[in-house]
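Shown next, in structure tokens, is the structure this report addresses.
Each reported figure results from applying straightforward, stated rules to the coordinates on display, with no laboratory input. Because the structure is a prediction, the values reported are computed rather than measured. For neighbour counting, all protein chains shown are included, and Cβ atoms are generated from backbone atoms with ideal geometry for every residue, glycine included.
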Amino acid sequence: MKKNVYELAMQRINLLFNEFDNIYVSFSGGKDSGVMLNLCIKYIRENNLNRKIGVFHMDYEVQYSETINYISRVLKSNSDIIEVYRVCVPFKVTTCTSMHQLYWRPWDEDCKEYWTRDMPDVCYRKTDFPFYTPEIWDSDFYILFSQWYHLLKKAKKTCCLVGIRTQESPHRWRTIYSKRRLNMYRNLKWTRHIAGDIYNAYIIHDWLTTDIWTANGRFSWDYNRLYDLYYQAGVPLERQRVASPFLLAAQDSLRLYRAIDPDTWGKMICRVNGVNFTALYAHTSAIAPGKAVLPPGYTWESYMHFLLSTLPEDTRQNYLQKLSVSINFWRTRGGCLSEEMIGKLQATGIEIDVLEHTNYKTDKRPVRMEYQDDIDVPRFKDLPTFKRMCICILRNDHFCKYMGFTTTKKEIETRKTIIDFYKGIAHG
């Protein structure tokens, strides 16, 4: 008999609780992680288990008041079966509101007079973590925390439950359905290896947004009341997310803070550079959320150079370095494109060199070509044009994620150095 998503999730939880002696939930205060935690609590109570589950919350300081209230309610409830790890650490966090700042730091002691709220009385601070350094990004901290927690609990196997759903984005879909089976636990597609005997598990990856709200309603679970305010403000269900307000994905919804939480908004505009500008213009061509507009008299290449000339030197050099890497990549290695895209490029008359083989696991073929000013084809952001570089600059996309950039070799080496250093402390 075919099981529904709730039954499948409880089946996965049952497997994890039988396989792992140490389990914790990554809890953001959003609808997905909230339901995931409630599923685990329900399982523990219904089965009368004599064990606790950890709740790991990375507190980013700047959040809606309703989100903070909900988090506080959750962390205070079920104290008999949950262990709380509320982390208030000044790690680096990407910001796309500023031309000047590539990142900001929640709970930065140097900016204490501008904090949007007081630090919680009970929380873990940077002095509690021997691996902390000022160079750590929030994504690095997530991985290092899992190792720290594994050692703290003297666990044999540790599992972190992460509330991602494939409906949310193609990136999340790839997380579940990629073919890298060596990174899974017991060949389960909804798990990923992190380090040593530590794994992530995505127990609600196949749920829809409507499933989340059905579970909240059917079991009368507490939830973040911010979603009620989102609904009243006319925000579609699929766009109602709880995340750091300064991320690229949150640019268009940043302006909602002014209406939904004006007290927090008043503090935010002093906290991170460019917040008010982004809120005003994120839905316009000034920050290019959709179709970027080329000013009269410019080519996209000349417009790019104009935009770069307005930036601070460090920021300008960052974009130029990304552009240099991209130009060299398309000239020497080539980007992997579908046969359909190759055909469209050939139809435009653009000179390209189509290769037969690539080291990547894909049925697409590598194509070498020079940077173009613009290419009038669908999904032009997958192609090397100065237009997409302009869009990155306009959106303050310092890491050029819009162009497909991921973690650099230098950033990977830095992360490895930090992890190796902590391993030395742990085993020393």
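Things worth noting here:
- Spin-label pair His357-Arg225: with each label point 7 Å from Cα along the Cα-Cβ axis, the two points sit 6.4 nm from one another.
- Taking a Cβ cut-off of under 11 Å around Arg125, the surrounding Lys, Arg, Asp and Glu residues balance to a net charge of -1, with basic ones at +1 and acidic ones at -1.
- Efficiency of FRET between Arg125 and Glu83 - r from beta-carbon atoms, R0 25 angstrom, step 0.05: 0.90
- Overall form of the range 1-64 per C-alpha gyration tensor (a/c, 1.5; a/b vs b/c): oblate
- On Cα atoms only, tilt of 409-427 relative to the major axis of the chain in degrees: 20 degrees
- Gain upon complete extension [Lys401, Glu46; 0.36 nm per residue less C-alpha separation]: 123.4 nm
- Taking 0.36 nm per residue of sequence separation and removing the Cα-Cα distance, the Thr210/Asp110 pair yields an extension gain of 31.7 nm.
- Full-extension gain in nm, Val325 to Lys76, via 0.36 nm per residue minus C-alpha separation: 84.8 nm
- Charge tally in the Cβ shell below 14 Å around Trp207, where Lys, Arg are +1 and Asp, Glu are -1, Trp207 excluded: 0
- Residues in the range 376-405 reached by a label modelled at Ala347 [backbone nitrogen below 16 Å; 7 Å Cα→Cβ]: 376-380
- FRET efficiency estimate (nearest 0.05) - Cβ-Cβ, Arg239 to Phe380, R0 22 angstrom: 0.40
- R0 of 25 Å, Cβ-Cβ distance Glu7-Ser178: FRET efficiency to nearest 0.05: 0.50
- Antiparallel bridges, percent of DSSP beta bridges restricted to the chain (to nearest 5): 40 percent
- Each Lys and Arg contributes +1 and each Asp and Glu -1, all at the Cβ; summed about the Cα centre of the chain, the dipole is approximately 1220 debye.
- Database remark: amide H of Cys159 closer than 5 angstrom to the amide H of Asn22, Ile23, Tyr24, Tyr199 (H placed geometrically; neighbours at sequence offset of 5 or more, or on other chains; Pro and chain starts carry no H).
- Each residue of the range 74-88 is assigned a 3J(HN,Hα), and the resulting list reads 5, 5, 8, 8, 6, 5, 6, 10, 10, 10, 9, 10, 8, 9, 10 Hz, derived from the Karplus form 6.51 cos²θ - 1.76 cosθ + 1.60 (θ = phi - 60°), x at Gly and Pro.
- The 3J(HN,Hα) values that the Karplus relation (6.51, -1.76, 1.60; θ = phi - 60°) gives for the range 157-162 are, in residue order, 9, 10, 10, 9, 8, 10 Hz. Gly and Pro appear as x.
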